[in-house]
Every structure is written in structure tokens, then in C-alpha cells.
Amino acid sequence: MKEYDFRSVEKKWQKKWVEEKSFKAIDFHPTKPKFYVLYEFYNISGNLHLGHLKGTVPADALARYKRLQGFNVLFPIGGDAFGLPAENAAIKKGINPHDFVAAGMNSVVEQSKALGLSFDWDRTVCTSDPEYFKWTQWIFLQLLKNGKAYKKKGVVNFCPHCQTVLSNEDSQGGKCDRCGGDVVQEDRWVWFLKMKEYSEKLLENVQRINMAENLKDAQRNWIGKSEGMQVAFDLFDAQENKLGQIEIFTTCIETIYGITFVVLAPENELVDKFKNQISNFDEVMEYRKKTALRTEFERMSDTKQKTGCKLEGLHVVNPVNGAKVPVFLADFVLSGYGTGAVMAVPTHDQRDFEFAQAFGIPMIQVIEGDVSKAAVEKKEYLAKNSLMMNSAEFTSLPVKEAKEKIAQKVIEMGAGRRQTNFKMQDWPFNRQRYWGEPFPVVFCPKCGTVPLDESDLPLVLPQTDDYLPNANGDSPLSKIESFVNCKCPKCGGAAKRETDTMPNWAGSSWYWLRYMDPHNNDALVDIEKAKYWGSVDVYTGGTEHITRHVLYAFFWQNFLYEIGVVPTKDPFVRKMGSGLILDDTGKKMSKSSANGVSPLEVIEKYGADAARLHLHFLGGYEDNTPWTYDGITGITAFLDKVWQLQDMIEGEEVCKQHVFMLNRLIKKVGEDLEDLKLNTCISAFMIFIKKIRDDGFITKDELRQFLLLLNPLAPHITSEMYQQVFGSQILDDKWPEYDEKFLVEDEINLPVQVNGKMRQVVKVSKTASQEDILKLLCEKHPDIFSEGEQLKKVIFVPGKIINLLK
RNA sequence: GCGAGUGUGGCGGAAUGGCAGACGCACGGGACUUAAAAUCCCGAGGAUGAAAGUCCGUGAGGGUUCGACUCCCUCCACUCGCACCA
């Protein structure tokens, strides 16, 4: 047997798989059940690095395993190419984004093929391809027509470096997700998608999906459901004229008798409305200006330093006791959450406590506890169910009871109602950048905002050399006269196009649907095909997009379901978040930090099978794994031993000597592949092969089954060996099945404990009774148990352990 | 601050109530070789012992149990997510 030459063998099979379309998914397969495996498609902003393999290889192994099991597997790939990441990368390299993306797409395809990934290449899509984004634009039109998209001037996150508006999801922690710079708050015209309206539905998606609990928590936390009350306070001027009402949101209605002030977010429009009644208006405007200049990051980092400004000349009245209460502006109140106004109870809310101290506002304690140094907060007083004080007829009641009774009273008075709020905001959907989907919308002086006719899609992105972002944050498209000036689709008069583009998350919010029907010119997906392929069965990829892409995906899928375009509310049945590959300093390996090791480098040195196995032998799927070449010789030695099995064939059928361990291997490999536990799966193969080598032979059928089992992980070497030994293609064979009856060994090693301490291991029959074992101990290990010895108790778990208590 | 998670040999990591350290790397010994590399075989948590064995051992301390890496409580360290969300 000549040595295994991975270079020629791997190339041969990769070529064959592509040419023969070996992994083509069949729509409406007459007999095979469908199985949809998805990997989070490639972001076209750089080369592949080893981090990508953390998601692709397990998905590939699962797809190959399911195919051998007889499923009609859909395993597609594509490119996420529009948006900031690609554009920034292109600008950095000085290449036009069109060319950059074309080259990038080509590169990831070639690298995927070199890894032996079994994608269906006829279904590849790219989000910046007009054939694709035609349907992204189409979805936007449906959102607009169904009242789920609106344009509004509002205070939003803006990145001065990237010169664009960002969503909350893109500016977590007050930092731009793309450049890491500080995000500021700016007043801008923004296209919003009504994602907030879908909060409950998204929570249901989270409930239904099969996913790690910590990831679900992150999503629930992001959506941020909170149940409380909305209460109206009458607003008066200095002469006691009623001006209107201020509505506040609270989850602590039980503290309402302790209110000593009310706080509005600095942006609150009541300030403008009643400017004539505010005697210190200049001071107020100055405070407003000051807070607007603070970055989100600054606002968050000094939370102990409360700032604010009293609205002199205005006050509100507490509806439950008629108390006169002053009104402040302060930036610890967020305009986007609840009503942008809060009732402040310094004795029972730490923020209010700090604010009251800073501004010398009196405090009223309404629940028992020590409020001399800090507020006694909800968490504490609810846990203790402390007693009420200073709260009229509710004084001396336990707080839990009082909470309900006070709520009732406020409702009966007509001053408030129960209200559920969500942290998640509507999705700011436009970017002031060139490289994105143009909005299919025009502004007509006569007709207002007019959507393009669906037949005019796609609205393509005009070619230009002047695509750099503008200093004042206007889209580069606004400079292209031929694009901007157009005719109104409604009245035919002169009109102007929207010149902002959609965010990078637009194209990725529905791409799994397009794979089901990638070449359809009449619909984003044929409804019958969508019914056939259903939801993605297993979705692999990183966890960093869990509160962004995955929530956007839930949102769009729900919307498309409501308008009858797709048959299910759930895009994914199961989402499996992969860990990261870390470099030698413990940092995440990524395209942006330029520490990525190219898979091609590993493939060149050791081969694709070795690269696939080694990376996943290093650690579990969900764990962060430090990358190293150390240990890869163990993998190459293993593959050499696999190759040598061809020389060890003796006999035909599975032999008695090997039947137990072969069945055990089949069971273990199947279970581990379902859960993407590639590391323990690989070790199971190593244990098996060691035993075969000890015995010195393998039968022909044992080898056949072994190759099938290993094929999902190491497809090249197993395909070659199978062809050489059996003369046919491994892909035409079927996954082996195990039989429970072969999984029980006749003889087992039974641990013997004395008083809970391990003393001995005895070999006994699997059916041995307690008496049998005690008898055996008398004969062979009298030091542990001898004839006639008194035992206090014996714990015997058949097949597991025996524990003698003396 | 809130939420979640992790902590096991020299290293990557197995084991989710029943033989801790599977499997692999590095390491030591042996075979092959003039020699080295490669390959193959054997050994190996720590302490003690010639050995059989004994004791200790999964971040620290306590608890539940016949039996705990595994379950519960307290604490320490690290990682991640969210963060003035009323």
C-alpha cells in the first residue's frame, strides 16, 4: 500500500463533488424527508479564518451524516456583502465595493471547496446581487404598505467616524459596532421599522426555538419586557392653571405616596410646549444642549454623578394625595423608554436617592427599612415583604398586598392603567452610506412619500467613483443627480429618490428563505417550496449576532408569515451557537483584528481532513478554543492509521470479537454528530482504531461501516478508501445502524467500594447478583469481604457498583 | 449594578450522582536505524513505597448522600452579555 497523498486525493474528490453536483438538494423529493442545515453565511469583508471552521465544519458533518441517513438535505451558502463591513474594508483597500465583493465572494467559495464543504453550489446567493436585493427591496415595500415602516425625525445613535445612523443593536455599550468609536445622539430623519410592535411575538419565537438557555436569556433581556403602570399627573403653572398631563411609567406603584419629584428626559417636548410658563427657560435649554453633546458612553460611565435641571414655574400633583410635586429634566431618564418620564421616590430608588441628594430634594419613606444612606429598593423590600408606612389607608400593610391595592385605587380613580413596556426599540433602518440596498421610495412634492411599483424592482445602485461617506453625514447617492432626480410613480411629476441605503442587516434578515428557491423571478420564494423546506432544522454560527441578526430574523419571518409569504412563524427550529477560535494571546480570531490564521495554510500543510479534525479535536463546539498547531501530529497519525486499515482486511462479515465496539461506535458517533460534539466523536474513532490494531485485523464489512461513520468528519480519505476497497461511491451507501442487543457486554468490570471508598474492580457477568459478587469477593478478595463477616448494609446497583458498609 | 457561564495534570480537554483525568499533545523508556528524523510499542495526577498498596487530589469552605467534578449554601477568581430600562 502506497502512502496516503492527501494533496492529490483531496483535490480529486473536491473536483468530483462539484462536477457531479453530489450535494444537490431536490425540491419536493418524492421519498426522502427534508433536512435543512444552515451556517450563518459569510460576511464578505475579508478572507476566511479558522473561526469560520467552528461553524462550517460541524454543519457540514451534520449535513453529510443526514444525507447518509437518507434525508434530502438542503445545505446552502452565500455571501452577506452589503453594508458597512464590506464597504469599510473596500475603502481601506482602495477598491470599489463592487469589485471588492466580487473578488471576496469568489475567494470564500474557493476556500469552502478546499475544505470539502458539501454545499449545494446551485443555490448560492449574495445579498448585493440585484437578483437578490430586488427581494430585500420588495420586503421593504410590503413593510411600508402594511404600515410597518415609517420615516420620522428623531434622536438616534450616530457614529461620527462611520458617518451614519446606527441602530441600538449596532451601538451596544455606546460604541459603534463597526469602528469601535463613541456613538453620539443626533436629531435626524430616520426610517424606522416597527419592530417594537413585535416584542411579544419575538418572545414567543425565543420560547419555541431550541437553543442554549444563556442565549435565550440574552434575547429576553434585550427585548426587556417589564410590567407596570402608566399614571397621569396633572400639570400646572405657577398660577395653578392646569396645562395638561404628564404620563409616567412605573413598576413600583406601591411607592406612590413617597413621590417628591418627577423627572422628564431632556428631549421631552413638553418643555417646548410650555416654554412661556417655564421661568428659567434659558437655563433649561442650556442643560439640554449640554446633555446632547455627551456621548452615550459618557452618559453611562458616570452614573453616580446625577445631573439635571428644575423646570421653574411648573409642578404636577400626585393623584393619590394631592401633593404638589416639582418637575425636573435629567439625562438619567431615557426618552425612548416608557413615556420618557418617571415619578421619583428617593427613599426606594437609588437613582432618585442620588438625584435628591444632589439637588437637596426632601425624601418621604413609605416602606420600612434603613434609608439613611441609600434607598431600600424593590428587590429588597419585596423579598422581605416589608410593611408600608406614610401611605394613608395602606400604612402597615405588607408591601405585596399594598402593591395590588394601590394599583386598584389608581385605576378606579381613573388616574392610571396597567401597562407593559419593552426595552427593545423600533429598528432605525437607514444608513448614510453608498454600499447598501437603495430604498425603493421617492419623495414627490405633490404626492408625498411614494413607493416604487413592484415591477420597477430592483432599483439598482448606480456606479460611481465618489462613494466615500460625506463629512456632514449625507449619503453619497445624494450627489448623483441622475439617480436622485426621477418621476413620481403616482403623478408622473418631478420627484426625488431617497438617497440613504439599508443597513447591512437587511439582506441577512431573510436569506434562509431565498435558498429554498434562489432563482425565482416572480416571488422571493415559491410558497409550495417554502412549505416543503419549512424551517431551518439546525442553524450554526457565532453567538455575537444573537441580539441582532437572530432577532431581526424572527421579526421578518413573523411579518412575512402575516402577509402570507411564508408558511411558518419560526425561521429556525434549533440554533446552535459556536464558540470562538482564540489566537495565542487569547483574543478572538476575526477578520477585523488581522490575527486570523487562514484555513488554506493548514490545508496546504496537513490537508483538509486533518484541518477539519484537528480544529474540532481542540475543544467543544460551544467553547472558545485557543488555536495551536500542537497536537495536529496526533490527527495526521490517526489518518495514517485509517489509511492502513486497507492492509488489515481479513474476513467478510462483522466478527464476534468486534461487534460490541462497532455497535458502540455507531451509537456514539450518531449521538455526537446530532449535538455537534466533534471532539468526543473523534476520540471514539481513535479508541476503536487502537483496538483494531491490537487485534491486527478488520473485516471487510467492519471497514465499510467504519468509513461511513468517519465520512462526515473526514470526507476525502474515506471516499477514496471506499472507492478503492469497494469499487463504488461511499455516498451511495447507507449509514450503519446499531443494535441495542450488541451494546451489552457479557462481562463487566464492577467497581467495589467499602464504606464509599474504591477498593477493587472485579470482573463479573452482567447478570451477577449481589450474592454472586459477595461469594466472588470471599474467594478472590478476602481482605475486602470474608465468609461470615457482618455487613451493616450493602448498596448494589446492578451493572454499576457495589458498596459494602461495614 | 443586573443576568448568564466557567474554574479538572505540564498543555488542549473527557466524565452531569457510581473506577476522576477518556482521547490527544508535550514528556520518559524501549524497538527499528551506523545515526537522526519518521514510525511503532510501553509508561505516566501528586506524595510515600522495592512492590502490592496506602494517603491526598476536580478554585476555597461548608452541606446533602452509602457514594459528589457532578446536587445545595457561602466565598474567591476569571469570562461573556446587558447596563441610569423607572
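The values are calculated or read from the model by the stated rules, or taken from the named source; none is laboratory data. Please read all numbers here as calculations on a predicted model, not as lab measurements. Positions of Cβ are backbone-derived with ideal geometry, glycine not excepted, and every protein chain shown enters the neighbour counts. SASA here: full protein model, heavy atoms, side chains in, ligands and nucleic acids out. Shrake-Rupley method; radii C 1.70, N 1.55, O 1.52, S 1.80 Å.
Here are a few things to note about the model shown:
- Subset of the stretch A:320-335 [within 12 Å of RNA strand B (Cβ to nearest atom) and assigned to a loop (DSSP other than H, G, I, E, B)]: A:Asp331, A:Phe332, A:Val333, A:Leu334, A:Ser335
- Test set (1) open to solvent by 10 Å² or more (accessible area, probe 1.4 Å); (2) not polar (S, T, N, Q); (3) not in a helix (DSSP H, G or I) - A:Met661 fails condition number: (3)
- Every residue from the stretch A:172-202 that is away from RNA strand B (no atom under 15 Å from the Cβ) and open to solvent by 20 Å² or more (accessible area, probe 1.4 Å): A:Cys179, A:Gly181, A:Glu186, A:Asp187, A:Arg188, A:Trp189, A:Phe192, A:Lys194, A:Glu197, A:Glu200, A:Lys201
- Those residues of the stretch A:20-57 which are of a type outside the set (Phe, Trp, Tyr), in contact with a helix residue (DSSP H, G or I) (Cβ under 8 Å, 6 or more places away or on another chain) and part of a loop (DSSP other than H, G, I, E, B), in sequence order: A:Lys21, A:Ser22, A:Lys24, A:Ala25, A:Asp27, A:Glu40, A:Ile44, A:Ser45, A:Gly46, A:Asn47, A:Leu48, A:His49
- Selection from the stretch A:635-653 of residues that are in a helix (DSSP H, G or I) and either among the hydrophobic types (A, V, I, L, M, F, W, C) or open to solvent by 40 Å² or more (accessible area, probe 1.4 Å) (or both): A:Ile635, A:Ala637, A:Phe638, A:Leu639, A:Asp640, A:Lys641, A:Val642, A:Trp643, A:Gln644, A:Leu645, A:Asp647, A:Met648
- Residue check, A:Glu254 part of a loop (DSSP other than H, G, I, E, B), acidic (Asp, Glu) and within 14 Å of RNA strand B (Cβ to nearest atom): no
- Those residues of the stretch A:68-89 which are more than 21 Å from the chain's Cα centre (by Cα), assigned to a helix (DSSP H, G or I) and surrounded by fewer than 24 Cβ atoms within 10 Å (Cβ to Cβ), in sequence order: A:Leu68, A:Asn88, A:Ala89
- Top-ranked residue of the stretch A:358-390 - restricted to ones that are free of Cβ contacts under 8 Å to residues at least 40 places away in the same chain and within 13 Å of RNA strand B (Cβ to nearest atom), ranked as nearest to the chain's Cα centre (by Cα): A:Lys379
- Within the stretch A:4-28, being open to solvent by 90 Å² or more (accessible area, probe 1.4 Å) and either acidic (Asp, Glu) or over 32 Å from the mean Cα position of the chain (by Cα) (or both) holds for A:Arg7, A:Lys11, A:Lys15, A:Glu19, A:Glu20.
- For the stretch A:386-437, filtering for residues that are in a helix (DSSP H, G or I) and of a type in the set (Gly, Ala, Ser) leaves 3.
- For the stretch A:748-806, the strands (runs of 3 or more DSSP E) that sit wholly inside it and include 2 or more residues that are open to solvent by less than 40 Å² (accessible area, probe 1.4 Å) are A:757-765, A:801-805.
- Residue count for the stretch A:669-692 under the criterion of being in contact with a Leu (Cβ under 9 Å, 6 or more places away or on another chain) and either away from RNA strand B (no atom under 14 Å from the Cβ) or assigned to a helix (DSSP H, G or I) (or both): the result is 15.
- Residue match in the stretch A:50-64 (condition: under 21 Å from A:Asp177 (Cβ atoms), in contact (Cβ under 8 Å) with a residue 40 or more places away in the chain, touching an Asp or Glu at 6+ places or on another chain (Cβ under 8 Å) and surrounded by fewer than 24 Cβ atoms within 10 Å (Cβ to Cβ)): yes
- Residues located in the stretch A:603-630, provided they are touching a residue at least 40 places away in the same chain (Cβ under 8 Å), assigned to a loop (DSSP other than H, G, I, E, B) and within 12 Å of RNA strand B (Cβ to nearest atom): A:Leu618, A:Gly619, A:Gly620, A:Tyr621, A:Glu622, A:Asp623, A:Asn624, A:Trp627, A:Thr628
- Extreme residue, nearest to the chain's Cα centre (by Cα), among residues of the stretch A:337-347 that are open to solvent by less than 10 Å² (accessible area, probe 1.4 Å) and within 11 Å of RNA strand B (Cβ to nearest atom): A:Gly340
- Considering residues of the stretch A:547-561 that are in contact (Cβ under 8 Å) with a residue 60 or more places away in the chain and open to solvent by 10 Å² or more (accessible area, probe 1.4 Å) only, the residue farthest from A:Pro428 (Cα to Cα): A:Thr547
- The residues on offer are A:Gly173, A:Gly181, and the sole one that is within 26 Å of the chain's Cα centre (by Cα) and free of Cβ contacts under 8 Å to residues at least 40 places away in the same chain is A:Gly181.
- On the stretch given as the stretch A:247-296, residues that are farther than 19 Å from A:Thr307 by Cα, surrounded by 17 or more Cβ atoms within 10 Å (Cβ to Cβ) and among the small types (Gly, Ala, Ser) total 1.
- Residues satisfying the stated conditions in the stretch A:668-719, i.e. farther than 20 Å from A:Phe617 by Cβ and open to solvent by 10 Å² or more (accessible area, probe 1.4 Å): A:Asp694, A:Asp695, A:Gly696, A:Phe697, A:Lys700, A:Asp701, A:Arg704, A:Gln705
- Being surrounded by fewer than 19 Cβ atoms within 10 Å (Cβ to Cβ), in contact with a Phe, Trp or Tyr (Cβ under 7 Å, 6 or more places away or on another chain) and modelled with pLDDT of 95 or more is a condition met by at least one residue of the stretch A:306-318.
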